[in-house]
Amino acid sequence: MKIQNISNIPMYGLKINKKFGLNVFEDFNFQTADKKNYRVSISKNEQMSALNVSFSDNGYKCAEQQSQIYPEIDFMFVDNMFTNRSDRGKGLGFGLHLTNIIEMTENKLNKIDLLSTESAIPFHVHFGFIPDQQDYGLLYVNLKSISDNSFPELAKFAQEARKIIKLGKIPEKIARGNELVHEYAKEIVKFMSKEDLKYAFAKETPMVLDKQNVLSNKNFYNKLFDKYKIDYQI
């Protein structure tokens, strides 16, 4: 399948300006399902050489993240995503990721990387990120956690995890292990409570979202832009 160049993605009403040597968005409003508006802004942290994105309610910071953009290698690394406990469940996490999609698009980046905490892996998978653990010693910890789950509905994943652990070749273990973590993360939300999900994985995991994935699933992201009243479309 031929994938269009991401630079051809049209910009809509959201204003983009050259700032910090990058193409970054101007402040805009983000509206949740309950019609509450948050102000989204971006700034530069000079000490850490990072971009800071924040969602604020009347000056009170409700969610934020830092990211490093490396235009010379078409790459973004997202760090320190955080939503205040009282503001969780409103879509602000998706909002932070949507700002990453905007920055990815406008700076013609090839991928977004992040290191997910154990409890956030299903959330990032739902947004389109794919596990990218290349250290089998670390990946094994999650495979062991999957193999030990006691949910009858998830028995096929436990069985597959045990098969992967017994494989002889490390590259095959890594490839199949990342795929299993991905499929398991999509499935567990159907059976586990939010409390159970905290213990579904045992190790933080590198994850990646590349431009081909974004373009192939643009309808999904465009619906999110519409849902949260962000005047931007892929």
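The residues of region 173-220 that are surrounded by fewer than 19 Cβ atoms within 10 Å (Cβ to Cβ), part of a helix (DSSP H, G or I) and in the same structural domain as THR99 (by TED's automatic domain parsing), listed by number, are GLN212, ASN213, LEU215, SER216, LYS218, ASN219, PHE220. Among the residues in region 184-200, are any of a type in the set (Asp, Glu), touching a residue at least 40 places away in the same chain (Cβ under 8 Å) and under 30 Å from GLY95 (Cα atoms)? No, region 184-200 contains no residue that is of a type in the set (Asp, Glu), touching a residue at least 40 places away in the same chain (Cβ under 8 Å) and under 30 Å from GLY95 (Cα atoms). Confirm whether ILE164 is of a type in the set (Val, Ile, Thr), not assigned by TED's automatic domain parsing to the domain that holds VAL78 and not in a strand (DSSP E or B). Yes. For region 15-25, a residue qualifies if it is closer than 16 Å to PHE225 by Cβ and without any contact (Cβ under 8 Å) to a residue 24 or more places away in the chain, and exactly one does: LYS15.
With respect to being outside any helix (DSSP H, G or I) and acidic (Asp, Glu), ASP226 falls outside the description.
Per the listing LEU109, LEU143, the residue uniquely more than 28 Å from ALA33 (Cα to Cα) and not assigned by TED's automatic domain parsing to the domain that holds ASN178 is LEU109. Residues that are loosely packed, with under 15 Cβ neighbours inside 10 Å and within 16 Å of the chain's Cα centre (by Cα): does region 93-101 have at least one? There is no residue in region 93-101 that is loosely packed, with under 15 Cβ neighbours inside 10 Å and within 16 Å of the chain's Cα centre (by Cα). Residues that are of a type in the set (A, V, I, L, M, F, W, C) and within 22 Å of GLY13 (Cβ to Cβ) number at least 1 in the following strands (runs of 3 or more DSSP E) confined to region 26-113: 28-31, 37-45, 50-57. Only one entry of ASN29, ASN8, ASN52 meets the criterion of being at pLDDT 90 or above, under 22 Å from PHE225 (Cα atoms) and loosely packed, with under 15 Cβ neighbours inside 10 Å, and that entry is ASN29.
The values are calculated or read from the model by the stated rules, or taken from the named source; none is laboratory data. Computed from a predicted model, the values in this text were never measured in an experiment. FYI the Cβ positions are ideal-geometry reconstructions off the backbone, even for glycines, and counts take in every protein chain you see.
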